[in-house]
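Written out below as structure tokens is the structure these notes cover.
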Amino acid sequence: MYQTKKVRLNRMFNESGKCLDVAIDHGIFNEYSFLEGLEKIDNVVNQLVIAAPDAIQMNYGQTDILQAIPGKNKPALVMRVDVGNPYNAQTHKVMFSALQNEDEPILEALRMDAACIVVNLLLLPGEPDLHRLSIKNISRLRGICEKYGMPMMVEPLVMKGNSARGGYQVDGNKNLIVPLVRQAREIGADIIKADPTENVEDYHEVVEAARCPVLVRGGGKEDLKSIFQKSYDFLQQGTKGLVYGRNIYQHPNPAQIVKAFMAMIHQNASVEQAWEIYKKNYNN
């Protein structure tokens, strides 16, 4: 079964053994601010296919845009299979995390020729049920993924409470991130999509805890030059790539950022080299 999974992963990780996954699955979370830049998602997908990241992360209802494109030379599909409500500015009376298809959770991923699925492992202050529901989702998926040779990416998310500022916030505390990443691996993750730690030099502990490929999450929108620096630093800690969403799709031309990230991930381009690639593509 390992070899079957590896066949799919070979479509997601290129010859360098690394991956840039562009996440545009934000529409599932019912949060208006996430939709900026995704209003015309078909245009976004077409731009990304031209820029050629290794993978695009989507939900079933939009995957036809990517998979209807003819030819072999297009990014691998990473399909999200869960949905929840922790991303909104307010804390809901009932917080939930559920599989999008309760009866056959990876059926759509198989039908749409996904290279991998992705599911959350949530840890929020005062919300132990979200953690429990996430573990329940992952535990159910694990056996099904093993049966059909589908790699499972687990996204361990350590969030701060909403008391300081409304909306989703990453908690970069390594003492919370490392054990949650280890838990994700213990319950069957093939790939980990993990939050950045507050101190970059601590991230090797995340990589060691995972014992499988780790992709660093980009998080909220930031200054581009600082994003390049942060991404480069995390790649030096032994990660196998990056997952970015809003920092790519909310840019006027997502393709130019993708090309810079691809050079950084696969050719070990420096921050300055990535910046020059970005500026060159922007001007052309």
Filtering region 154-169 for residues that are at pLDDT below 90 and in contact with a strand residue (DSSP E or B) (Cβ under 7 Å, 6 or more places away or on another chain) leaves a count of 2
So in region 180-203, with the set limited to residues that are part of a helix (DSSP H, G or I) and β-branched (Val, Ile, Thr), which one is nearest to the chain's Cα centre (by Cα)? Val181
Extreme residue, nearest to Asn10 (Cα to Cα), among residues of region 52-62 that are surrounded by fewer than 22 Cβ atoms within 10 Å (Cβ to Cβ) and either in contact (Cβ under 8 Å) with a residue 40 or more places away in the chain or in contact with a strand residue (DSSP E or B) (Cβ under 7 Å, 6 or more places away or on another chain) (or both): Ala52
Could you please let me know if Arg140 is in contact (Cβ under 8 Å) with a residue 12 or more places away in the chain, in contact with a Lys or Arg (Cβ under 7 Å, 6 or more places away or on another chain), assigned to a helix (DSSP H, G or I) and farther than 21 Å from Gly27 by Cβ? no
Filter region 115-160 down to the residues that are of a type in the set (Lys, Arg) and under 18 Å from the mean Cα position of the chain (by Cα) and list them by number. none
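Inspect all residues belonging to region 277-284 and state whether any of them is farther than 25 Å from Lys40 by Cβ and of a type outside the set (A, V, I, L, M, F, W, C).
Looking through region 277-284, at least one residue is farther than 25 Å from Lys40 by Cβ and of a type outside the set (A, V, I, L, M, F, W, C).
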Within 25 Å of Lys221 (Cα to Cα), at pLDDT 95 or above and not in a loop (DSSP other than H, G, I, E, B), is that true of Gln57? yes
The number of residues in region 73-129 that are of a type in the set (S, T, N, Q) and closer than 22 Å to Met153 by Cβ is 5
Tally up the residues in region 24-45 that are in a helix (DSSP H, G or I) and in contact (Cβ under 8 Å) with a residue 12 or more places away in the chain, please. 10
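Does region 74-86 include one or more residues that are of a type in the set (S, T, N, Q) and either touching an Asp or Glu at 6+ places or on another chain (Cβ under 8 Å) or at pLDDT 95 or above (or both)?
So far as region 74-86 goes, no, none of its residues is of a type in the set (S, T, N, Q) and either touching an Asp or Glu at 6+ places or on another chain (Cβ under 8 Å) or at pLDDT 95 or above (or both).
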For region 67-84, the count of residues that are more than 17 Å from the chain's Cα centre (by Cα) and either part of a loop (DSSP other than H, G, I, E, B) or crowded, with 17+ Cβ neighbours inside 10 Å (or both) equals 7
Could you check Asn162 against (1) under 27 Å from Ile56 (Cβ atoms); (2) crowded, with 17+ Cβ neighbours inside 10 Å and say which number it fails? (1)
How many residues, within region 245-274, are touching a Lys or Arg at 6+ places or on another chain (Cβ under 8 Å) and not in a helix (DSSP H, G or I)? 1
Anything in region 1-34 that is within 17 Å of the chain's Cα centre (by Cα) and over 27 Å from Met264 (Cα atoms)? List them, or say none. Gly27, Ile28, Phe29
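The values are calculated or read from the model by the stated rules, or taken from the named source; none is laboratory data. Keep in mind the model is a prediction, meaning the values are calculated, not measured. A quick note on method: Cβ atoms are made from the backbone with ideal geometry, for glycine too, and the neighbour counts reach across all protein chains shown.
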